[in-house]
Structures are given as C-alpha cells and as structure tokens.
Amino acid sequence: QVQLVESGGGLVQAGGSLRLSCAATGSISKISVLGWHRQAPGKQRELVATITSGGSTNYADSAKDRFTISRDNAKNTVYLQMNNMKPEDTAVYYCRYTAWNGGYWGQGTQVTVSS
C-alpha cells in the first residue's frame, strides 16, 4: 500500500504562484512515476505533469512554461511549482504514484485562481 498526502493548495490571484507538495509513504518503489493531475468542476481529470525516479519530466501543453514538477527521492516527495497562474487552472489537484506495485491517488487539494 502507498499513501499520498498533498498540501499547498489554496486561493491565489491570477498571475500569482503556488507550490504543491505530495508526500508518499508506505511501500514505495525506488523506480516509480510521480505525477500531478487535476479535475475542474464538470470536467474529466487530466494530466498536468509527471516525473520519473530518474528525473525525466512530461507536461501537458497547458502546463508547459508555467509549471515545474520536481521530486526529492530521499523524501519520497513530489512538488509542483505553478507560476503565472490563470483562472482556468482552478481545479482539485491530485497526486499520482505509479510503479510495479500499482497506482495510487492522493485525496486531492483545491486550487482556486481568482481573476
């Protein structure tokens, strides 16, 4: 079992920044993919960014040039630095762990961007 706990969500004005954190505990594989997804009201959950244990990253087009994903393997923690935020970034952000021992979701953290 893997547990994921997100933090760092909140309310920010357009153009502002937020940093999300997600700490993974439990049976963590040394080789894994950690990622962030988001779900806006009335919309499907979508990928924001992923990062492998080796540091390779992948971003949705909406996140490129504004968001940066990073991870600290020693702390089993993944971060999402979000800059120049837009109202359309408003969503619940979910952390995702994927490895040989399965896929797990965090409980989500609300991010609201006001115009």
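Work out the FRET efficiency for Ser53 and Ser17 from their Cβ-Cβ distance, taking R0 = 25 Å, and round it to the nearest 0.05. According to the calculation, E is roughly 0.45. In the chain, the portion of solvent-accessible area held by carbon and sulfur atoms comes to 49 percent [1.4 Å probe, whole percent, DNA, RNA and ligands not counted]. Taking amide H positions as placed 1.01 Å from N in the peptide plane, with prolines and chain starts having none, which residues 5 or more places from Arg71, or on another chain, fall under 5 Å of its amide H? Correct list: Tyr79. Karplus-derived 3J(HN,Hα) values for segment 43-58, using 6.51 cos²θ - 1.76 cosθ + 1.60 with θ = phi - 60°, are 10, 6, 5, 10, 5, 10, 6, 9, 8, 7, 5, x, x, 6, 10, 9 Hz; glycine and proline are entered as x. Working from label points 7 Å from Cα in the Cα-to-Cβ sense, the Thr25 to Glu88 distance is 3.8 nm. Charging the Cβ of each Asp and Glu at -1 and of each Lys and Arg at +1, and nothing else, the dipole of the chain about its Cα centre rounds to 140 debye.
From the residues Ala91, Gln107, Gly55, which one has its Cα farthest along the dipole of the chain in the positive direction, the dipole being from +1 and -1 charges on Cβ of Lys/Arg and Asp/Glu about the Cα centre? It is Gly55, whose Cα lies furthest towards the positive end.
The values are calculated or read from the model by the stated rules, or taken from the named source; none is laboratory data. Since we're looking at a predicted model, the values are computed, not measured. Positions of Cβ are generated from backbone atoms using ideal geometry, with glycine treated the same way; all protein chains shown enter the neighbour counts. We work out accessible area using only protein heavy atoms, side chains counted, and drop any ligands, DNA or RNA first. Shrake-Rupley method; radii C 1.70, N 1.55, O 1.52, S 1.80 Å.
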